[in-house]
Amino acid sequence: MPIYNFVAGPATLPVPVLNQIQAELTDYQGTGLSILEISHRSPQFTTLLARAKQLLLQLMHLKASEYEVLFLQGGATLQFTMAPLNLATKFHRVAFVNSGHWAERAMAEAKLIPDLVVDEVASAAPHFNHFPLVELTGPAKYDYLHLTTNNTIYGTALNQLPEVDLPLVGDLSSNFLAQDYPFDRFALIYAGAQKNLAPAGLTVVVVKKTLLAQMPTALPAMLSYRKLAAKDSALNTPPVFQIYVAKLVLEWLVKQGGVAAIEAVNRQKAQLIYDAIDQTTFYHNQVRPADRSLTNVPFTTGDSELDQTFITKAQQAGLMNLKGHRLTGGMRASLYNAMPLEGAVALRNFMLQFAKDHEEEK
Ligand SMILES: *Cc1c(COP(=O)(O)O)cnc(C)c1O
C-alpha cells in the first residue's frame with residue numbers, strides 16, 4: 001500500500017531525493033566521507049553552496065547580479081526579527097497584512113523592536129477566511145510592506161501581489177517555489193525550508209543586493225544580512241546537510257520543469273480536493289474560493305467525532321497526518337511540491353468513499 005504524508009511540516013520530500021541521499025550517505029562524491037562529516041570550508045561544500053544558490057535564482061528567474069541568497073538558521077521565526085532590524089532603517093515604520101497566525105506572529109516580534117512602529121494595514125481577523133486586500137492611500141512612509149503569501153493554518157493564499165509603491169517583504173514559507181510569483185517584485189523573501197525544500201534547520205533568504213549595501217553595520221553578526229552575505233552564509237558553521245538536501249530538491253524541481261510547471265501540478269492536486277469538498281454537502285472549507293491555498297487545504301465534516309474517525313481511517317488507508325491544526329480542528333491536507341498527484345487522487349477517492357459510508361451519521 002502506498003503511503004502519502006499530508007503533514008504541514010516538517011513535510012514530505014521527493015522520493016528520488018530521499019533515495020539519492022541514502023545512496024551517497026556514506027560516500028559523498030567519492031570522498032569516502034559522508035556529507036554529514038565534511039567541513040563547511042571544504043571545496044565540496046563550497047561547490048555545493050554555489051550550485052544551490054545558482055539553482056534557486058534560476059528557478060525564481062532572478063539575476064545573481066541583483067539578488068543575494070542566504071542560507072540561515074533560526075527558522076522563518078527569526079526572520080520576523082531580522083527583517084525589521086535590517087530593513088526598517090529610514091522611516092522606522094513597517095506595514096503588515098494580517099492574513100493569519102504567522103502574520104500575527106511576525107507582527108508581534110516586530111513590535112518588540114524598540115522605536116519601531118508597526119501598522120496593520122489590512123486584516124482578515126478573526127475568521128481568516130479570505131486574503132485581505134491592501135489599499136494604501138497617500139504617500140506611505142513605510143520601510144516595507146510585509147506579506148505572508150500563504151496561510152498555512154487557515155488555507156488562504158495571496159494570488160496577486162498588491163500594487164503598492166513600497167518594498168515588499170514576503171514570508172513565503174508554506175508556498176515557496178510551489179506558486180509562481182513575480183519574485184522580482186520582492187525586496188526580500190524568506191522561507192523556512194521544512195515545508196517545500198529541505199529538512200528543518202534551514203531558512204532561505206533572498207534579498208536585493210542594493211538593499212544589502214544600505215543595511216546597518218552595527219548589528220550582531222548573526223542578525224546582520226550584510227555580514228552573513230559578506231561571508232557567503234558561512235559566517236559560522238552553516239547547516240551543511242540541509243543545504244545539501246535543498247540542492248537536491250532544487251535539482252529535482254528543475255527536472256519537474258520549474259516553478260510554473262510544479263504550480264500547474266499543484267493546481268491539479270488542490271482542485272481534486274476542493275472538488276471533493278464542493279461536490280458533496282459532507283465536507284466544508286470556509287475559505288473564499290478565489291483565495292484558496294494550493295498547498296494547505298483545511299476541511300471538516302462539521303462534526304468533531306466524525307472528523308476523528310476520518311483521520312483514523314485515512315491513516316489506516318495510508319493517508320497520513322491529516323489532522324488539522326489545533327487552532328482550527330478538523331482536517332488539513334498539505335499538498336506541497338513533493339506530494340505526487342497520485343497522493344491527491346488517493347485522498348480524493350478516500351474522501352468520496354468516506355462521505356458515502358458515513359452519510360447517515362450526520
Ligand atoms: C511554518 C511557518 C512559519 C514558521 O517557521 P519556522 O521555520 O518554524 O520558524 C512561519 N511562517 C509560515 C507562513 C509558516 O508556514
The stretch 33-76: number of residues that are within 16 Å of the ligand (Cβ to nearest atom), assigned to a helix (DSSP H, G or I) and of a type outside the set (A, V, I, L, M, F, W, C): 1
Where P298 falls short, out of the listed (1) crowded, with 20+ Cβ neighbours inside 10 Å; (2) touching a His at 6+ places or on another chain (Cβ under 6 Å): (2)
M1 being in a loop (DSSP other than H, G, I, E, B) and either of a type in the set (A, V, I, L, M) or closer than 30 Å to N349 by Cβ (or both): yes
The stretch 223-234 residues that are assigned to a loop (DSSP other than H, G, I, E, B), paired with ones that are among the aromatic types (F, W, Y) (beta carbon under 7 Å, 6 or more apart): S233/F71
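Give L55, L112, L48, L116 a once-over and let me know the one that is at pLDDT 95 or above, hydrophobic (A, V, I, L, M, F, W, C), surrounded by fewer than 18 Cβ atoms within 10 Å (Cβ to Cβ) and out of contact with any strand residue (DSSP E or B) (no Cβ under 8 Å at 6 or more places or on another chain).
That would be L112, the only listed residue that is at pLDDT 95 or above, hydrophobic (A, V, I, L, M, F, W, C), surrounded by fewer than 18 Cβ atoms within 10 Å (Cβ to Cβ) and out of contact with any strand residue (DSSP E or B) (no Cβ under 8 Å at 6 or more places or on another chain).
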Selection from the stretch 30-58 of residues that are under 25 Å from V207 (Cα atoms) and of a type in the set (G, A, S): A50, A52
Residue within the stretch 170-190 that is farther than 30 Å from K269 by Cβ and among the polar types (S, T, N, Q) present: no
Looking only at the stretch 228-250, and only at residues there that are of a type outside the set (A, V, I, L, M) and buried (at least 16 other Cβ atoms within 10 Å of the Cβ), the one that is nearest to K195 (Cα to Cα): Q242
Single condition A191 does not satisfy, out of (1) within 10 Å of the ligand (Cβ to nearest atom); (2) surrounded by fewer than 21 Cβ atoms within 10 Å (Cβ to Cβ); (3) closer than 18 Å to T81 by Cα: (2)
Pairs where the first residue, in the stretch 103-118, is within 10 Å of T81 (Cβ to Cβ) and the second is of a type in the set (G, A, S) and modelled with pLDDT under 95, C-beta under 7 Å, 6+ apart: none
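Can you tell me which residue in the stretch 77-89 is nearest to the ligand (Cβ to nearest atom), limited to those that are in contact with a Lys or Arg (Cβ under 8 Å, 6 or more places away or on another chain) and more than 15 Å from R226 (Cβ to Cβ)?
Step one: list which residues in the stretch 77-89 are in contact with a Lys or Arg (Cβ under 8 Å, 6 or more places away or on another chain), which gives 77, 80, 86.
Okay, now just the ones that are also more than 15 Å from R226 (Cβ to Cβ), so 77, 80.
Working: T77: 3, F80: 8 Å.
Per the criteria, the residue is T77.
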Qualifying residue in the stretch 119-139 (condition: among the charged types (D, E, K, R), away from the ligand (no atom under 16 Å from the Cβ), surrounded by fewer than 24 Cβ atoms within 10 Å (Cβ to Cβ) and modelled with pLDDT of 95 or more): yes
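The values are calculated or read from the model by the stated rules, or taken from the named source; none is laboratory data. Please read these numbers as outputs of a predicted model, since none were measured by experiment. Reconstructed Cβ throughout: ideal geometry from the backbone, glycine too, with neighbour counts over all protein chains shown.
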